[in-house]
Each structure stands twice: as C-alpha cells, then as structure tokens.
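What follows draws every value from the coordinates through simple rules; no lab data is involved. Being a predicted model, the structure only gives us computed values, none of them experimental. Glycine gets a Cβ as well: all are built from the backbone with ideal geometry, and neighbour counts include every protein chain shown.
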Amino acid sequence: MSQAAKVLQLFKTLHRTRQQVFKNDTRALKAARRKINEEFKNNKSETSPKKIEELIKIGSDVELVLRTCVIQGIHTDHDTLKLVPRKDLLLDNVPFCDAPTQKP
C-alpha cells in the first residue's frame, strides 16, 4: 500500500473512531474533527518518507488510545459525573482467587 493510501486510510479511521468515541457529544465531535483536520493540514506538504511513516505511527497510536482508553462522562449534578462506557471497552471480570497457585 502506498504512503498516500495509508495516510488517507488513517484519516478516515481517525474520523470513524472520533464518531464512535464522542457519540452524542457535539462539542467533543467538533473539537476532535477540527484537531484531526488541522494536524493533517499542517503536515500536508511533508515529503520525507521517514517523517511520513513517523506521523502515520503517531496517528495510529492516537486512534488506539481514543478507541481503548477514552470514556464519555455526562454531568448529572454540579459535582457528579455519569460514565458511559462503550460496549467494546467493557471486559469480563476475572474472578478473584484467594489462594493463588505457584508457578513451577
């Protein structure tokens, strides 16, 4: 895959992730959209293949962090937040073991 195709794919992936992570939060959606577009526009004239690969890696890392670490919070009171985790963030609990076994 060419670098231009990788950059375009990353751009689209970041916007899709933004839409999932900040669903129903228009302010966050607009801010994330503006930041993604701004970063891509700032680096539009980059020609060094090494620098482009580095920027692609940074963008991929940002997408991973957004997808796996960001949880929405809704203000319900002046001092209370209601967390709204996405289904892909919820993990099955591992039962606690009072007597751990020793590895051989």
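Please enumerate the residues belonging to segment 22-47 that are part of a helix (DSSP H, G or I) and within 15 Å of GLY59 (Cβ to Cβ).
Quick first cut of segment 22-47, residues part of a helix (DSSP H, G or I) only: 26-42.
Scanning segment 22-47 gives ALA32, ARG33, LYS35, ILE36, ASN37, GLU38, GLU39, PHE40, LYS41, ASN42.
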Please go through segment 37-92 and give me each residue that is closer than 17 Å to ASN24 by Cα and either in contact (Cβ under 8 Å) with a residue 24 or more places away in the chain or hydrophobic (A, V, I, L, M, F, W, C) (or both), ordered by number. LEU66, ARG67, VAL70, ILE71, GLN72, ILE74, LEU81, LEU83, VAL84, ARG86
I want to confirm something. Restricting to segment 1-36 and keeping residues that are in contact (Cβ under 8 Å) with a residue 24 or more places away in the chain and β-branched (Val, Ile, Thr), which single residue is surrounded by the fewest Cβ atoms within 10 Å (Cβ to Cβ)? THR13
Considering only segment 48-57, state which residues are exposed (fewer than 11 other Cβ atoms within 10 Å of the Cβ) and not in a loop (DSSP other than H, G, I, E, B). PRO49, LYS50
